[in-house]
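Input: a single structure, listed below in structure tokens.
The values are calculated or read from the model by the stated rules, or taken from the named source; none is laboratory data. Predicted model only: the values in this text are computed from it and were never measured. Reconstructed Cβ throughout: ideal geometry from the backbone, glycine too, with neighbour counts over all protein chains shown. Keep in mind that these areas ignore ligands, DNA and RNA; they rest on the heavy atoms of the full protein, side chains included. Shrake-Rupley method; radii C 1.70, N 1.55, O 1.52, S 1.80 Å.
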Amino acid sequence: MRDDSIILTRSDIGQFASIAFALFALIAALSYFYAGEVRPHTLVLIALAALSLIAWALITPSEFVGFFTGRQARRGTVAVFSSVLVIGIISMAYLYVERQVIAYDLTETREFTLSDSTARIIERLPRDLRIIGFYSAENIAVREMDDQFWRQYEVLSAGRIQRIYIDPVEQPAVAETYGAQDGDIFIAFVDDNGEIIPQSISYVPMIDKHERDMSLAINRLLQEGSFAAFFDISHGQRSLRDTSSGGLSIAGELLGLNGWRVVEFDLQELVANDQPIPDEASVVVLSRPRQPFAPATIDAIDDYLRRGGSLFIMADPVFADSGFLLEDSAFNTYLWESWGIRALDAVVVELLPGLDNPSPLDVVSIQIFDSPITANVNLPDEPDSYAMFRLARALEISNTPPVNNGRAVLSSNMSYAETDLVALGLRDEYDFDEGEDLPGPHTLVGFAVDAETNGRIVLVGDSDFATDGQIGAPPGNAQLFFGSLNWLTEFEERITFGFQPSAIAPPTIFISPSQLDQVSFFVIFLVPGLVLLLGAGMWFYRSRR
Amino acid sequence: MNGVGVIFWREMRGYFTSPYAYLIAAAFLLLAGFFFVSNLWLSVEQTPADPAAIPEFLSFGMIFFAPLLTMRMLAEETREGTMELLLTAPVSDSAIIIGKFLSAWGFYTILLGITASYQIILVNIGAFPDLGKAVAAYIGIWLYGGACLSVGLVYSALTDSQIVAGFLSMATLFLLYLGDNIGLIVADVELARLLRTLTLQGHFSTSFAVGIFRAEDVVFFAGLITAMLFIAIRIVESRRWR
């Protein structure tokens, strides 16, 4: 019978102490060479090595002395030093290769490769840039993951972009200055002395698409203020300063955070003074005007659009005889004749069952067409990414337009457009009347673009979706608002870069339960079972011999 | 280096004629299969299947499998007295160690190859595995496994008790596995980074496992294997003059 009991002799313990000494001494040396200075942990390692050495000498003094003096000493010393030499050579090779940054992205979607678009962004850097990451020791794996990307920026920019890391636990005051938490990333320009320019410090929101998030942030920093959204306030529109649920203060704040310049202006005054809408307006926003537009105002808008301007119209239903964009109004006629889109005097009623809308008058983005306007609406993996409109006007899109036009968001096939706005406005009554009301689906968001001038229009049959009370509820409302502005100003094309394959939602797999059962049977039972059978067969064969 | 092939085939024959190796292989494949299927279940109607699921599991599983494969290799030879025969045979100490290591790595490669074939299943059932990521993850875990086996071999050379060799290997590999959690026990971020660089996970979880092939990681694993084998050779060699 075999004896498997563990017996530790004095000699074994002494041997372990000698190994511990060698290991601690080696790690201390490597730590010193790696950091280039003696740090507290290096001292701790040296102390541990010394303790191990003392333990070795005390526990097995004769072996200790023999190691350094006898035949064992010579051979032992050669063995230890040759081992240390091999480890040293390997360490040097490692450090050399590490600094060469030789890496290959083997993923099919090139998830870890910076795109040409990022290279173009980096080319436009007016001065050097720092990526400042705040990571504590607890977050070390996240830091290493992120570093895969940041060091590529450093390489691609030939050192113009550099990365620095700050431990928010060790340097809380610095973290406080940035308003940073563990894991936060910032970017900032540096001056000629290599000092960070405080005014340029910019937070990088990370949404798990490292390159896209970082390149977007750098581009925002480059484009800071060069995109301007002009909000007209001269026709009773919603205001950016209004912080009530009907105001646009959150939309304005979010635009500012994304690098936009936001301006309120008086269109009527401009027109009265015979001045054009300024070229610096990347987009003119009309959020629920209450008054009809005068012919001179329409001419000013037409002139602006012919100069390649962009117009974002958010038009609520009108329950009175006079108001903005009535079906037969001059401005609506202009939109139809020049752009092939218009608003109808009808309110969409959504009758599709099973929706999360409080009332049939709360219309949801049931159908969307693939466009930059709806790029982040109705995302398959995000159930809250739909947009919702409270009392939405039906729109009409011409099938024979003078310019390119299209539909971005539609109601369901079961919806209809209620044309009796008196009954709806006064008594909250609505019912489908054959021959009077308009069967769905109805366009809720339409767009048009003049290919010659690049003038663009987005028309939404509702303005509530962008207000403080609703822009975040549901979140798809904000996405629609920003998607519209992005498309109108080509913000995405100019500020950002095309979508990388990795930014596209990965395909979802659909496997039937029976397929899964078959796979389970194969890999959990069949394969290990066959190996066991082979083992049993081998045992049987050997035992028979 | 005469005799590497002799030792290699002798050990490989040992694996394939020992029910003990089949038991280890069956356990290995059972656990790998279990993780493969559970990942597939979680992916259904959510995301594409993760082709690195098995390599990621093995990065932990090797803490236990590597010592099981290596703890007998030299410790048993010493205990049963066959080590003396080996040392007097016309093969060098290097050949003994390298041959034994290659056989363990070879056996591990066969098991890994069987699990790699599961990617074919993923392709056939339309689970959209990222095959590039799979290649990176498998190359990574193959090197990772080699490094684990080389550590186990050192302890097997160091003691004549399989249990001590196995226990010390597991303890060491567990410490080397803790790279991503090193920040939980070390507050200084630079020290944590340095220690993570010395761990196996530090060269797998944020590179090979996500589809990146980095030269520094290859150098780390190859360097660790070389260093461990060199030390194991020196330990065996020391029997001649101790």
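A few remarks follow.
- Neighbouring Cβ atoms from other chains, within 10 Å of the Cβ of residues in B:225-234, number 4 on average.
- Where chain B is the region considered: accessible area per residue in Å², 1.4 Å probe: 36
- Residue-by-residue Karplus 3J(HN,Hα) for segment A:55-65, coefficients 6.51, -1.76, 1.60, Hz, glycine and proline x: 4, 4, 5, 7, 6, 10, x, 5, 5, 4, 5
- Annotation: amide H of A:Ile341 within the under-5 Å range of A:Trp336, A:Ser398, sequence separation 5 or more or interchain, hydrogens built in the peptide plane.
- Percent of beta bridges antiparallel (DSSP, chain A, rounded to nearest 5): 60
- Förster-model FRET efficiency, 22 Å R0, A:Glu253 and A:Ala296, C-beta, rounded to 0.05: 0.10
- Degrees between helix A:527-544 axis and first principal axis of chain A (Cα, 0 to 90, nearest 10): 20
- Buried between B and A is an accessible area of approximately 6700 Å², summed over both sides with a 1.4 Å probe.
- The mean number of partner chain beta-carbon atoms within 10 angstrom of a residue's beta-carbon across peptide B:18-26 is 6.
- Annotation: the antiparallel percentage among DSSP beta bridges lying fully within segment A:225-498 is about 60.
- Taking the charge dipole of chain A about its Cα centre, with +1 at Lys and Arg Cβ atoms and -1 at Asp and Glu Cβ atoms, the residue from A:Thr243, A:Gly461, A:Thr374 reaching farthest to the positive side is A:Thr374.
- Taking all protein chains together and a 1.4 Å probe, the residues A:Arg71, A:Arg306 rank A:Arg306, A:Arg71 from largest to smallest accessible area.
- Relative to the longest principal axis of the Cα atoms of chain B, helix B:93-116 runs at roughly 20 degrees.
- Cα lying deepest toward the dipole's positive end in the protein assembly as shown, options A:Leu534, B:Gly145, A:Ser83, charges on Cβ: A:Ser83
- Using the rule -39500 (n - 2.57) for each DSSP H run of four or more residues, divided by the residues of chain B, the 222 nm mean residue ellipticity is -24500 deg cm²/dmol.
- Here chain B has 71 percent of its accessible surface on carbon and sulfur atoms, given a 1.4 Å probe and all protein chains in place.
- Here segment B:1-132 is treated with +1 on each Lys and Arg Cβ and -1 on each Asp and Glu Cβ, and its dipole about the Cα centre works out to around 280 debye.
- In this entry, the protein assembly as shown is assigned a mean projected area of 43.3 nm², taken as a quarter of its C-alpha convex hull surface.
- Think of each Lys and Arg Cβ as +1 and each Asp and Glu Cβ as -1; about the Cα centre, that makes the dipole of the protein assembly as shown roughly 6280 debye.
- Close amide H pairs (under 5 Å, H built 1.01 Å from N) link A:Gln237 with A:Arg290, residues at least 5 positions away or on another chain.
- Percent carbon-and-sulfur accessible area, chain A, ignoring ligands, DNA and RNA, probe 1.4 Å: 56
- Label zone (A:Phe522, point 7 Å along Cα-to-C-beta; backbone nitrogen cut-off 18 Å) within segment B:13-37: B:29-37.
- Computed from backbone phi, the HN-Hα couplings of segment A:451-458 come to 4, 6, 9, 6, x, 9, 9, 10 Hz, rounded to whole numbers (Karplus: 6.51 cos²θ - 1.76 cosθ + 1.60, θ = phi - 60°; Gly and Pro given as x).
- Note that segment A:287-395 presents 42 Å² accessible area per residue, ligands and nucleic acids not counted, probe 1.4 Å.
- In Hz, Karplus ³J(HN,Hα) per residue of segment B:125-138 (6.51, -1.76, 1.60; θ = phi - 60°; x = Gly, Pro): 8, x, 8, 6, x, 7, 5, x, 5, 4, 4, 4, 5, 6
- Counts of other chain beta carbons within 10 angstrom of each beta carbon in peptide A:109-121 average 1.
- Residues of segment B:92-128 that lose at least 30 Å² of accessible area (1.4 Å probe, protein heavy atoms only) when the other protein chains are present, relative to their chain alone, are B:Tyr118, B:Ile121, B:Ile125, B:Phe128.
- Other-chain or far-sequence residues with amide H under 5 Å of A:Ala281's (modelled H): none
- For the peptides A:268-279, B:171-182, A:455-466, the ranking by packing is A:455-466, B:171-182, A:268-279, with the highest mean count of neighbouring Cβ atoms within 10 Å listed first.
- Counting only alpha carbon atoms, the long axis of helix B:19-43 and the longest principal axis of chain B meet at about 20°.
- Distance in nm between pseudo-label sites at A:Ser543 and A:Phe319 (7 Å out along the Cβ direction from Cα): 8.9
- Solvent exposure of segment A:116-222 as accessible area per residue, Å², 1.4 Å probe: 46
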